[in-house]
Amino acid sequence: MSEQTESTAKEKPSFFLRAAKQLYTVGGLGLLPKAPGTWGTLMGIPIYFLLKLPGHWTYYLGGAFLVFLVGWWASAVGEKDYGRHDDQRIVIDEVFGYLVAMFPSPFPLPWWGFVWGFVIFRFFDIFKFGPAKWADKNVPGGLGVMVDDGAAGLMSWAVLLMLGLGYKLFFT
């Protein structure tokens, strides 16, 4: 192979770039042609249950924070890969947003509350009200990718908190 041919051959991405792509697409779910954000949020459900297993909210909070940090880095790589802010193929932010929405509440819903969390989070993530919309427009890079879904998760958590309180008042 000549020197010129070698220099024009496509280089294989580094291990870290391949790992980042697996993370920001959540194992390739972000590459699915229909509703990648919904698929990313669905992957948040088993992660939610794994973080709940130890039984104390500090483990859950630590795991969610780890997803945030890893997602921040991976999302920044994804933005460089795709050349645009918050590309739909970047879905680790949906996992984080769902984890925020499902943060343990003093008024928990019954076991099926994770379904309401999914539906309510997708609503706030798709329509981006208030702080989520502001973060999406004003916070750049991987941080912005993660923060707007975190804001959607907080609004979802507030709705779930009210639903949990209503459930406790009327059904227990």
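The values are calculated or read from the model by the stated rules, or taken from the named source; none is laboratory data. These numbers were taken from a predicted model, which means no experiment stands behind them. Neighbour counts run over all protein chains shown; Cβ positions are idealised from the backbone, glycine included.
Would you please name the residue that is nearest to residue 41 (Cα to Cα), looking only at residues in segment 96-119 that are among the hydrophobic types (A, V, I, L, M, F, W, C) and assigned to a loop (DSSP other than H, G, I, E, B)?
Filtering first and then ranking leaves 102.
Please determine whether any residue of segment 138-148 is surrounded by 18 or more Cβ atoms within 10 Å (Cβ to Cβ), of a type in the set (Val, Ile, Thr) and either modelled with pLDDT under 95 or in a loop (DSSP other than H, G, I, E, B) (or both).
Scanning segment 138-148 turns up no residue that is surrounded by 18 or more Cβ atoms within 10 Å (Cβ to Cβ), of a type in the set (Val, Ile, Thr) and either modelled with pLDDT under 95 or in a loop (DSSP other than H, G, I, E, B) (or both).
Which of the residues belonging to segment 42-56 are exposed (fewer than 13 other Cβ atoms within 10 Å of the Cβ) and either touching a Pro at 6+ places or on another chain (Cβ under 7 Å) or not aromatic (Phe, Trp, Tyr) (or both)? Give the derivation first.
Restricting attention to segment 42-56, the residues satisfying the condition of being exposed (fewer than 13 other Cβ atoms within 10 Å of the Cβ) are 46, 49-50, 53-56.
Within segment 42-56, 46, 50, 53, 54, 55, 56 qualify.
Quick one: in segment 11-27, which of the residues that are in a loop (DSSP other than H, G, I, E, B) and either under 14 Å from the mean Cα position of the chain (by Cα) or of a type in the set (A, V, I, L, M, F, W, C) (or both) is surrounded by the fewest Cβ atoms within 10 Å (Cβ to Cβ)?
So the residue we want is 27.
Does residue 103 count as closer than 17 Å to residue 149 by Cβ and either over 15 Å from the mean Cα position of the chain (by Cα) or of a type in the set (Phe, Trp, Tyr) (or both)?
yes
In contact (Cβ under 8 Å) with a residue 40 or more places away in the chain, under 12 Å from the mean Cα position of the chain (by Cα) and outside any helix (DSSP H, G or I): is that true of residue 93 in this structure?
Here the answer is no, as residue 93 does not meet what is asked.
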